[in-house]
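Q: Okay, handing you the structure first.
The values are calculated or read from the model by the stated rules, or taken from the named source; none is laboratory data. Computed from a predicted model, the values in this text were never measured in an experiment. Methodologically, a virtual Cβ is constructed for each residue, glycine included, from the backbone with ideal geometry; neighbour enumeration extends over all protein chains shown. All accessible areas refer to the heavy atoms of the entire protein, side chains included, with ligands and DNA or RNA removed. Shrake-Rupley method; radii C 1.70, N 1.55, O 1.52, S 1.80 Å.
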Amino acid sequence: MGVAIQWFPGHMSKARRQVQENLKYVDFVIELVDARLPISSRNPMLDKIIGDKPRLIALNKADLADRNAVKSWVDFFEKQGIIALAINSKEAHTAKRLTVAAKTLMADKLARNAERGIQNSSLRTMIVGIPNAGKSTLMNRLAGKKVAVTGNKPGVTKGQQWLRTNKELEILDTPGILWPKFEDDQVGLKLALTGAIKDQLLPMDDVTIFGLQYFLENYQEATMKRLRMKEADLELEIPDLIMELTKRFGFRDDYDRFYQMFVKDVRDGRMGEYCLDKVSDNVND
Ligand SMILES: Nc1nc2c(ncn2[C@@H]2O[C@H](COP(=O)(O)OP(=O)(O)O)[C@@H](O)[C@H]2O)c(=O)[nH]1
Ligand SMILES: [Mg+2]
């Protein structure tokens, strides 16, 4: 389950150092992001931290995400020359797909090895991502069994241990846990809405107002259906709409109950599949 980490500067540098130490042992890095937040769930310093170590991006929880948006995000990363793929860590097929992507990423190294007569060399990787991205779930999936994934706190150090996926892929059993991009208000609201950060960190009314607005703008039909809204409700300002819906759901003036219901619906996918980051906000031309 999600471990709430308070990201003090000391924790950040420890986490960063841990990833950098482990980089020595791996051929490439799997950057795990939430497909519903392909930018907001990235660590702002990852590029600097991993330097020129090869990396692929896995957009996890694709089963919960807006398919079209995820496709645009995969294109977005591939245009930058980064191999990206949408995955569901709970699916068996995922191990095979990641192995294929890894072999594409590391094709040159594998070819060099083959030239030197080194056959069947397996690739070594580590998973890096923010809390709740799904690192443990993916590692269990790749290991093909439930493993005690270490490193629930940044800075856990011990001898390297490897989880074997198949002949071709081995994963470091300590994932890199890095902080999200929470210096931006909108990013914080998005992380809260998906449940990536603890509820106590942000006021639920702000999270709900932001979420309801976003869903009405981008997923109007699903939102209206789930919240049993009428056409006329669309005329209301968001705070007035929240008051109205709270009453209609029988919560009287207990707005907290409405916030809880809305946020839970979003997190559990009952508002439909969605993506909170837009490619159009991330291309500057
Ligand atoms: N629907 C869905 N849920 C996932 C997926 N991967 C992980 N989860 C869930 O996301 C939550 C956080 O996963 P976890 O592996 O603990 O994240 P970690 O903090 O990065 O290790 C758990 O409730 C997982 O069951 C996925 O691909 N799809
Ligand atoms: Mg974990």
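Q: Within segment 18-33, how many residues are in contact (Cβ under 8 Å) with a residue 60 or more places away in the chain, open to solvent by 10 Å² or more (accessible area, probe 1.4 Å) and either touching a helix residue (DSSP H, G or I) at 6+ places or on another chain (Cβ under 7 Å) or among the charged types (D, E, K, R) (or both)?
A: The total comes to 3.
Q: ILE130 fails exactly one of the following numbered conditions: (1) more than 14 Å from ligand 2 (Cβ to nearest atom); (2) within 23 Å of GLN161 (Cα to Cα). What is the number of that condition?
A: Going through (1) more than 14 Å from ligand 2 (Cβ to nearest atom); (2) within 23 Å of GLN161 (Cα to Cα) one by one, ILE130 breaks only (1).
Q: Same structure, new question: Before we move on, is ILE238 at pLDDT 95 or above, exposed (fewer than 15 other Cβ atoms within 10 Å of the Cβ) and β-branched (Val, Ile, Thr)? Spell out how you get there, then give the answer.
A: Values: at pLDDT 95 or above: yes; exposed (fewer than 15 other Cβ atoms within 10 Å of the Cβ): yes; β-branched (Val, Ile, Thr): yes.
Yes; evaluated as a whole, the condition is true for this residue.
Q: Can you tell me which residue is nearest to ligand 1 (Cβ to nearest atom) among those in segment 173-186 that are surrounded by 22 or more Cβ atoms within 10 Å (Cβ to Cβ) and outside any loop (DSSP other than H, G, I, E, B)?
A: Across segment 173-186, the extreme among qualifying residues is ILE177.
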